[in-house]
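Heads up, the thing below is written out as structure tokens.
Throughout, read-outs are computed from the coordinates displayed, never taken from laboratory work. As the structure is a prediction and not an experimental result, all values here were calculated from the model. As a convention, Cβ positions derive from the backbone with ideal geometry for all residues, glycine included, and neighbour counts pool all protein chains shown.
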Amino acid sequence: MKRIIFKIILLILLVSPSFTSAQSSKFLMDADYSIFRYSDTKSVLEVYFDFYQGSFRYVYENNYFVAHAVIGFKLTDDETKTDVVNKDFLLDIPTTDTSSSKLKSKEISQITLFVDAGKNYTLMLLGSDNKSPERRDSATFSFYVPAYTLSPVKMSHIQLSTSVEKSTNKGSSFYKFGYEVVPNPNGLYGNSLKSLYYYYELYGLKSQIGGEKDAELRTYVISTHGDTVISKTENIKCSNDIMTLYGSFNVDTLKRDSYVLKLALYSEGSSLAESERKFVVYNADKVNYTITDDEGFLKSEFITFTEKMIDEEFDKCLYVRTSADKNEYERMKTLDEKRKFLYRFWKKRDQSPETPRIEIRDEYFKRMKEANAKFKQSFTDGWKSDRGRIFILYGPPNEIERHYMEANTKNYEIWTYDNLQGGTMCVFGETVSTEEGSYYLMHSTIKNELTDNDWKEKLRKM
């Protein structure tokens, strides 16, 4: 082991309702890990752990109440039975108030190691209160560290996170390639954590697929009963051999249960790579809306649709359907098959399974109606325009900056999304300043949208 990084951030997060008692009689520690590529022969092992403030006995020091936490860290090479790391770390956790109402948070830390790939390891963590050594908790993991070479295509572990935000703080333990990725060591989401963020990496796409092609990423959230409660598909540009990506989804509508987040990468229908990670949702006030597919279909409006209505709606699903969806739909021979297909198409994208409505469909067509009213251009319906498509997929922007009738510059608009992927923008411009309002997407920082850093030059009038 040539290098060990140990940086610590004491980040205060609200704890799930199942762990809100301060000065707990039980010492509580959570731990998790993820593995990423460093080189063809070495991988990055990130270990995350947290302590609950209420687990400690506090002492008064220098005008603060301080808890002294100890984390024993032991990583063993299973083949040689030798310790790669065997060390204790001391963490001071200060607070100004030790009342029960204040000690309802947890302190998250991370240790990053570079380890030899292609080996099996055992990691043992022992957390304790230095002032009361008998108060302790432990975690043990046995795992294989893969060699993330660039052939064939590979996908890293999925890191469960509480947030992913743009950052320039390279000194942070949580910094990754321009983002602050705050881990969630216990994998618990729900009442106090409404959104689940996740980070992952892809290796070898450009070399193996080609920079001009796209891969298809399918995201699933699967319950313990095997039901897919969230499903979405997006295209990934194969522009680099090492790609850092992240996503998020709301969990506040999910019932209390354990789930699996599954990411699967495809190219031209063939599976390239996949990764899974378990997580838990604790929503005390949510009751699941349980109904079979057949029951749901019979109670839905789709059962009354004519073939023309079905065909028109599927045509309007252009922005969210996949090539596999299109191929399957074209194989449908009867009206009833088409009706059931369209019901399943929207239901598998439903993010609120506890309600009978499919809210994501309602929102999609609400945005389409608004896009038709706002963005019609020449002989093109508003929903088919570039501005209409972006509006339907990502919703209304936080701000629209309009540049009309400026000297030596064609008309253009800049749309800003403050909360999309940490802050993004789109530039729409008129190819000719005819004042007819025909705008086309020229540049965007939204993942998988058109990027052209010369957009300003192309807006100049000749």
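Before moving on, here are some points about what is shown:
- For the pair Leu393 and Ile242, a Förster radius of 35 Å applied to the C-beta separation gives a FRET efficiency near 0.85, rounded to the nearest 0.05.
- Net charge, Ser128 excluded, C-beta distance under 15 Å - Lys, Arg +1, Asp, Glu -1: -1
- Taking 7 Å steps out from each Cα toward its Cβ at Lys278 and Lys461 produces label points 6.5 nm apart.
- The chymotrypsin sites (Phe, Trp or Tyr not before Pro) of the stretch 402-455 that meet both conditions, a loop assignment by DSSP and at most 13 other Cβ atoms within 10 Å of the site Cβ, are Tyr404.
- Given (i) 0.96; (ii) 1.02; (iii) 1.13, the label whose value is Cα Rg over 2.2 N^0.38 Å derived from this model: (iii)
- Taking every DSSP helix (H) stretch of at least 4 residues in the chain, weighting each as -39,500 (n - 2.57) and dividing the sum by the residue count yields a mean residue ellipticity at 222 nm of -4500 deg cm²/dmol.
- Of Lys170/Lys194; Lys299/Lys366; Lys255/Lys299; Lys299/Lys347, those spanning more than 19 Å from alpha-carbon to alpha-carbon: Lys170/Lys194; Lys299/Lys366; Lys255/Lys299
- Column: log10 I(q)/I(0), Debye, Cα scatterers of the stretch 293-357, q = 0.12, 0.14, 0.19, 0.26 Å⁻¹: -0.28, -0.39, -0.73, -1.29
- In a reduced charge model with +1 at each Lys and Arg Cβ and -1 at each Asp and Glu Cβ, the chain shows a dipole moment near 300 debye about its Cα centre.
- Using C-alpha pairs under 8 Å with a sequence gap of at least 6, the mean separation divided by the residue count of the stretch 376-458 gives a relative contact order of 22 percent.
- Eligible lysines near Lys461 by straight Cα distance, threshold 21 Å, same-chain separation 8 or greater: Lys410
- Set of lysines with alpha-carbon distance to Lys308 below 16 Å, sequence-local pairs under 8 removed: Lys316, Lys333, Lys338, Lys340
- By the rule of a C-alpha distance below 16 Å, with chain neighbours fewer than 8 residues away ignored, the lysines paired with Lys106 are Lys26.
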